[in-house]
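Accompanying notes for the structure given below.
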Amino acid sequence: MDFPITADGTLSIITRESDAAHVMAEAVQKLFPGTQVTIGPSIENGFYYDFYREKPFTPDDLATIEAEMKKIVEGGKPFTREVWPRAEAIKFFKSKGENFKVELIENLPGSEDIRIYKQGEWLDLCRGPHMPTTKHVGMAFKLTHIAGAYWRGDHKREQLQRIYGTAWRDQKELDNHLQMVAEAEARDHRKLGKEMDLFHLQEEAQGSIFWHPRGFTIYNQIENYIRRKLNGAGYVEVKTPQLMSSKLWEASGHWSKFRENMFVVPDVVPNTAEGEKIFKEEPKNFMALKPMNCPAHIQIFKQGLKSYRDLPLRMAEFGCCHRNEAHGALLGLMRVRQMTQDDAHIFCTPDQIASEAEAFCKLLYSVYEDFGFTDVHIKLATRPDARAGDDATWDRAEGALATALKSQNLEFTYAPGEGAFYGPKLEFHLRDAIGRTWQCGTLQCDFVLPERLDATYIGEDGARHRPVMLHRAILGSLERFIGILIEHYAGRFPLWLSPIQVVIASITEAAEGYANEAAAALRAAGLRVETDTRSEKINYKIREHSLQKIPVIAVVGAKEAEGRTLALRRLGSDAQTLISLDDATRQLSMEAKPHS
RNA sequence: GCCGCUGUAGCUCAGCUGGUAGAGCACAUCAUUCGUAAUGAUGGGGUCGGAGGUUCGAGUCCUCUCAGCGGCACCA
């Protein structure tokens, strides 16, 4: 950096990544003439640059580009900063056929300088700053992958070719980083899900999960845990229909806005004869699999008269929802077409929003703490362009959510324009193994749906009033949350969640009877226990169950049978503790007791 | 949905320029009864995601299609 700082702001000392992006762009333009440059920011652990080129880059091109980059780095060309008049900059980039740069400059606010960074002959429009020379980039970089991306993030605009890379101070740092990426990939929930026999997916039900017995044990533990939490927090639980008439979705507004993502079922009896059309007649009425639970919950709310004394009414459902997600969006457990939300709707008065929002945040954090999540990223998504409701209502709703966060000193960032059409929302994001963040918890403030579906309560004044509806979920969907949980624990679940808590492995046939007896004792205490009495060596059994990430292996041989003891071995340790069967039962069942 | 990559036994993967499929693990059987991360032997198992095409002949080339993966877009 070779200019004084004149404005307030934070300055990232490390500009290596954006330097590397510039070097990459120069290399690409040298190797692939005619390629247009667009933008190339630094990102977490790396950088990317988007190029416009008819022919996409191939994985082989990456090595060629890297080699060219190394030449540029060795050249040690100084980065120099220039400020150009707008018109000249536009003229220059136009003459080079850099249409995207021209568009960028034209869209810069009039007051802003057109800053150009040069590295020898090559130059780029850039805010900067940069290090003194290209040599400062160093050799510890690597281009990691290629992807498509839209110009300006707009799917109606040109598709660009994005090249991602990562750059570090020295080879050791780079190796470290690559090593960490490899380790993170080993925690991938899809890989562990297969290895640990938790669930699977297949073509015939793409985007929907086949839960295996072990995976479903985890699922049930979590559902039961949330149920206890909700009971303790004053919720009531309901169950609503899977299929409902399109009329209800029309009334709620979802039919017009989200129909293309709904699974619609014609309300017609199909033909069964071979060779005939499936439907005799063009269907007139349609049903839809519910993509969300709120309209159904309002139907329950509307049964009978509600008084202000009934509010806040917190209605929960483990609601199974279907959304016809775009094919390219599906991803393991993280993005599915059938999901079960830990959903609830709080019907309340406007005065109650703040206290309910606050109580919800507390509840959410107590749940996340039980699972050991500390890295939670909160976003407050505000009014989108296409929305229902007037601005005064939006002001109130956004204010209430912000207040709830501030009152608990929770840090958050604004996501302008990303709210739902009916109201603003809080999003609670968690990270997966490779650092991607996923929305899990949410709290949404809705003044619109109660209006559309005509929910009312009788106020103190004897008149009908509109309740406010708070949509909220803590886990989000069981599927996604379990996906994140698998990666979070790297498959090593705490005892209360582990599908199999104890494996009793016998050393010889003579111990088989005692192994079964001990298993029965542990099961009677509520533990999930399996026995392994195969005629295999104990080393073999230990290895197998350790790889299966069984938290406790109890070895029994003649000695244990004789003394009615268990030799316990914990996952991740090779220490053995000899303990009486009675004590083990007490101790393990205590430890396996789920949270509440 | 868009761009790119991938798709071979239950799993992980090999199969160069086209000549009618291989390994390890797993599984089955037999032997072994062996104290804390892999006992040995034998055996069964795939037509190479699907459809079509080129060819005397295709896992290997071409077209279409489906799915998965990496991103992008979307996400009530």
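Scan the stretch A:286-317 residue by residue and report those that are closer than 18 Å to A:GLU223 by Cβ and either surrounded by fewer than 19 Cβ atoms within 10 Å (Cβ to Cβ) or touching a Gly at 6+ places or on another chain (Cβ under 7 Å) (or both).
Scanning the stretch A:286-317 gives A:ASN293, A:ARG314.
Report yes if A:ILE65 is surrounded by 14 or more Cβ atoms within 10 Å (Cβ to Cβ), free of Cβ contacts under 8 Å to residues at least 24 places away in the same chain and either in a helix (DSSP H, G or I) or out of contact with any Ser or Thr (no Cβ under 7 Å at 6 or more places or on another chain) (or both), otherwise no.
Judged against the criteria, A:ILE65 is not a match.
Can you tell me which residues in the stretch A:443-488 are under 12 Å from the mean Cα position of the chain (by Cα) and either aromatic (Phe, Trp, Tyr) or within 12 Å of RNA strand B (Cβ to nearest atom) (or both)?
A:GLY476, A:SER477, A:ARG480, A:PHE481, A:GLY483, A:GLU487, listed by residue number.
Out of A:HIS254, A:HIS212, report the one residue that is modelled with pLDDT of 95 or more and open to solvent by less than 50 Å² (accessible area, probe 1.4 Å).
Among A:HIS254, A:HIS212, only A:HIS212 is modelled with pLDDT of 95 or more and open to solvent by less than 50 Å² (accessible area, probe 1.4 Å).
Any idea which of A:ASP342, A:ASP375 is touching a residue at least 24 places away in the same chain (Cβ under 8 Å), open to solvent by 40 Å² or more (accessible area, probe 1.4 Å) and not basic (Lys, Arg)?
A:ASP375
Can you name every residue in the stretch A:188-209 that is touching a His at 6+ places or on another chain (Cβ under 8 Å), within 9 Å of RNA strand B (Cβ to nearest atom) and assigned to a helix (DSSP H, G or I)?
A:LYS194
Could you list, ordered by first residue, the pairs with Cβ atoms under 8 Å in which the first is in the stretch A:534-558 and within 18 Å of A:LEU588 (Cα to Cα) and the second is near RNA strand B (Cβ under 7 Å from one of its atoms) and assigned to a helix (DSSP H, G or I), at least 6 apart or interchain?
That search, which allows pairs on different chains as well, returns A:ILE553/A:ILE542; A:ILE553/A:SER546; A:VAL555/A:ILE538; A:VAL555/A:ILE542.
Considering only residues that are part of a helix (DSSP H, G or I), away from RNA strand B (no atom under 16 Å from the Cβ) and not acidic (Asp, Glu), which ones fall in the stretch A:358-398?
A:ALA359, A:CYS361, A:LYS362, A:LEU363, A:LEU364, A:TYR365, A:SER366, A:VAL367, A:TYR368, A:ALA392, A:THR393, A:ARG396
Which ones in the stretch A:436-481 are in contact (Cβ under 8 Å) with a residue 40 or more places away in the chain and of a type in the set (Asp, Glu)?
Within the stretch A:436-481, A:ASP446, A:ASP454, A:GLU460, A:GLU479 meet the criteria.
The values are calculated or read from the model by the stated rules, or taken from the named source; none is laboratory data. Since the model is a prediction, treat every value here as computed from it, not as a measurement. Note that each Cβ is placed from the backbone with ideal geometry, even for glycine, and that neighbours are counted across all protein chains shown. Note: accessible area is taken over every heavy atom of the protein model, side chains too, but ligands, DNA and RNA are not part of it. Shrake-Rupley method; radii C 1.70, N 1.55, O 1.52, S 1.80 Å.
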